[in-house]
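J.: Starting off with a structure, shown below.
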Amino acid sequence: MRSNVSLLVLFVLAALSVRWHGIVQGANILCIMTVPSPSHHIWNRVIMEELVNRGHNLTVVSQDGDKSRTNLTYIMLERVYSTLYEEEGMDLLEMSKETPFQSLFSFKEFYLGMCRGALKSDGLQVILNYPDSFPFDLVLYDFGCGPCLLPLLHKFNYPPLVSLTAFSNPPYSVDIVGGHKHYAYTPHFALPYSFDMSFAERAYNTYLCLWDAGLRMFDVMPKLDAMVRERFAFENLPYIQDIERRTVLMLVNTNPTFDAPEPLAPNVIPIGGAHIKSPEPLPNDLEQFVAKAKKGAVLFSLGSNIRSDTIGEERQRMFIEAFRQMPDYHFLWKFESQLNIPLPPNVIIRPWLPQNNILNHPRTKGFITHSGGLSTQEASWFGVPLIGMPFFVDQHRNFKRSLIGGVAEGLDFATLTTEKIRTTVMKVLETPIYRENMQRRAAYFRDQPDKPLDRAIWWIEYVVRHPTVQHLRSPTLMLGTIKANLLDVYLFFVAVIICIISLPVVIVRRTLCRRQRQEKKKRQ
């Protein structure tokens, strides 16, 4: 009898624990991941796989994917990449030559091209064949390329929406969850500006951000809305931007160690570094190659969008010759195809390299990088100084911040020479201050009360536990641009000041006019 009572007490305590601590198990989550970039998939995949590890069931609609496994089902949008790069001829290397203003229009076409590819993919019909009553508990949405597939939220009767992005905290995040972007110290992602901008830089930054916001609101969104209405035959479908603004929580890939120190609404959660995993030992061949280096090893990778085999043979030979002239260092080069140039013994190439594990290795002394967001974060986490060669988008901004932080030196892709490569790399490797500064940045970055990935999962599960949560949302979307930015109040103050200044002038003028009339009458 006593044992039965004890079991009952334990059962009640367990039930109360579930209620009090909000343990969530087995949620059905729909993931809409429509940013055509392998690096975005790498970042999103870490979060999705952790959700699976914690017992949730995920259905992922994406143009990037891996093999489906238990509780993780990929539905592939197979026409996205072919639409962008084959049918519409998008060339990322050519985009890298554009001015920041020109890039706004290229990215507009990128968003629209992605949507055109997604809407004509056979994979889209797979998710549309799901019954409307399918019980999704939450939708996870990468908002980097816009709400093209958010009509699925309408189809499944509006489960709570969590938006996220690997792309730092872009200017248009405030169009989704509200809040403020302060152009005085938050540069547009296409601009290589520091936080302390000159007047001319602040003026251009404001100009670019306003243009970007205007393009999104008055051009991109209406076009996306028209495209999705033609494809989705849903009754009473709201305007596409209004669906996106149903976001109750946003996860952004930022950390104040190297990102703009900007105020965030309570439902905007910074999780910079969430994708960084605990490192593992290197494979034997790589370990031996690194160990044989007299002074250490250098990793060379241009990320997942710009391939080293597309930079041209002339530049490839420049790098190889520069590496040949630095025999005390061994270079690991991520090169995606066969390289028909003889390699010196201190260089190896691989189509894929375990970047996370190499950067953690104590003998890794430098990282030649495109300055992408994820690569910069990984190098910062492990304390490895950078040789940056940015191409486009946020890469110039990331590199500029690393340069200001004293953790990097730069190469200009357009003016590369063997000598510039050699002297820049040697400067970073042989000058201790770069590594010291990066070690200090790593200490700041890693010293957090919880792991970024754990923080992301906790907040996602918070929304599952509280699907009707509203109190975290910023009121600025409800207020509108004029009220949220106090434009009406400022206009009122200006009017009052004008009145205060004008009133004495009017009084004096009327008094003088009256006197003139009186004197004129006297003379008459």
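J.: With Phe105, Phe156 as the choices, which residue is open to solvent by 50 Å² or more (accessible area, probe 1.4 Å) and either of a type in the set (A, V, I, L, M, F, W, C) or within 30 Å of Phe391 (Cβ to Cβ) (or both)?
T.: Residue meeting the stated conditions: Phe105.
Residue-by-condition table, conditions (1) open to solvent by 70 Å² or more (accessible area, probe 1.4 Å); (2) closer than 21 Å to Thr369 by Cα; (3) small (Gly, Ala, Ser):
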{"residue": "Thr423", "(1), (2), (3)": "no, yes, no"}
{"residue": "Lys427", "(1), (2), (3)": "yes, yes, no"}
{"residue": "Thr431", "(1), (2), (3)": "no, yes, no"}
{"residue": "Tyr434", "(1), (2), (3)": "no, yes, no"}
{"residue": "Met438", "(1), (2), (3)": "no, yes, no"}
{"residue": "Pro452", "(1), (2), (3)": "no, no, no"}
{"residue": "Arg455", "(1), (2), (3)": "no, no, no"}
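J.: Does the stretch 427-443 include one or more residues that are under 30 Å from Val162 (Cβ atoms), touching a Phe, Trp or Tyr at 6+ places or on another chain (Cβ under 9 Å) and touching a residue at least 24 places away in the same chain (Cβ under 8 Å)?
T.: Going through the stretch 427-443, the residues under 30 Å from Val162 (Cβ atoms) turn out to be 441-442.
This time we only want the ones that are touching a Phe, Trp or Tyr at 6+ places or on another chain (Cβ under 9 Å), so: 441-442.
Among the residues that remain, those that are also touching a residue at least 24 places away in the same chain (Cβ under 8 Å) are: 441-442.
Yes, because at least one residue in the stretch 427-443 is under 30 Å from Val162 (Cβ atoms), touching a Phe, Trp or Tyr at 6+ places or on another chain (Cβ under 9 Å) and touching a residue at least 24 places away in the same chain (Cβ under 8 Å).
J.: What number of residues within the stretch 244-285 are surrounded by fewer than 19 Cβ atoms within 10 Å (Cβ to Cβ), of a type in the set (Gly, Ala, Ser), in contact (Cβ under 8 Å) with a residue 40 or more places away in the chain and closer than 16 Å to Pro452 by Cα?
T.: Of the residues in that region, 0 qualify.
J.: Okay, next question. Do any strands (runs of 3 or more DSSP E) lying entirely in the stretch 362-443 carry at least 2 residues that are within 24 Å of Lys277 (Cα to Cα) and out of contact with any Ser or Thr (no Cβ under 7 Å at 6 or more places or on another chain), and which ones are they?
T.: 364-369
J.: Taking Met221 as meeting all but one of (1) within 24 Å of Val162 (Cα to Cα); (2) open to solvent by 60 Å² or more (accessible area, probe 1.4 Å); (3) out of contact with any Leu (no Cβ under 9 Å at 6 or more places or on another chain), write down the number of the exception.
T.: (2)
J.: Output the qualifying pairs, or none if there are none: Cβ atoms under 7 angstrom, residues six or more apart or on different chains, first residue in the stretch 79-95 and within 23 Å of Val61 (Cα to Cα), second residue open to solvent by 70 Å² or more (accessible area, probe 1.4 Å) and part of a helix (DSSP H, G or I).
T.: Hits for this filter: Thr83/Arg116.
J.: Can you name the residue in the stretch 467-509 that is within 30 Å of Phe136 (Cβ to Cβ) and part of a helix (DSSP H, G or I) and is also most open to solvent (accessible area, probe 1.4 Å) among such residues?
T.: Met478
J.: Checking Gly312 against (1) surrounded by fewer than 21 Cβ atoms within 10 Å (Cβ to Cβ); (2) at negative phi, which single condition isn't satisfied?
T.: Failed condition: (2).
J.: So in the stretch 61-97, with the set limited to residues that are assigned to a strand (DSSP E or B) and out of contact with any Leu (no Cβ under 6 Å at 6 or more places or on another chain), which one is modelled with the lowest pLDDT?
T.: Across the stretch 61-97, the extreme among qualifying residues is Arg69.
J.: Any idea which of Ala190, Ala200 is in contact with a helix residue (DSSP H, G or I) (Cβ under 7 Å, 6 or more places away or on another chain) and either closer than 21 Å to Leu104 by Cβ or not assigned by the TED database to the domain that holds Ile32 (or both)?
T.: Result: Ala190 is the single residue among Ala190, Ala200 that is in contact with a helix residue (DSSP H, G or I) (Cβ under 7 Å, 6 or more places away or on another chain) and either closer than 21 Å to Leu104 by Cβ or not assigned by the TED database to the domain that holds Ile32 (or both).
J.: Only one of (1) modelled with pLDDT of 95 or more; (2) within 25 Å of Thr376 (Cα to Cα); (3) open to solvent by less than 10 Å² (accessible area, probe 1.4 Å) is not met by Lys295, so which one is it?
T.: (3)
J.: Tell me yes or no: at least one residue of the stretch 323-330 is open to solvent by less than 50 Å² (accessible area, probe 1.4 Å) and either over 16 Å from Lys295 (Cα atoms) or not assigned by the TED database to the domain that holds Gln439 (or both).
T.: no
J.: Restricting to the stretch 363-411, give me the number of residues that are open to solvent by 10 Å² or more (accessible area, probe 1.4 Å) and either more than 24 Å from Pro171 (Cβ to Cβ) or assigned by the TED database to the domain that holds Phe189 (or both).
T.: 9
J.: May I pose another question? Within the stretch 340-356, take every residue that is of a type outside the set (Lys, Arg) and within 32 Å of the chain's Cα centre (by Cα) and give me the one that is most open to solvent (accessible area, probe 1.4 Å).
T.: Only one residue fits best here, namely Trp352.
The values are calculated or read from the model by the stated rules, or taken from the named source; none is laboratory data. The model shown is predicted, which means the values in this text are computed figures rather than measured ones. Neighbour counts are summed over all protein chains in view; Cβ atoms, including those assigned to glycine, are modelled from backbone coordinates with ideal geometry. Side chains included, ligands, DNA and RNA excluded: accessible areas come from the protein's heavy atoms. Shrake-Rupley method; radii C 1.70, N 1.55, O 1.52, S 1.80 Å.
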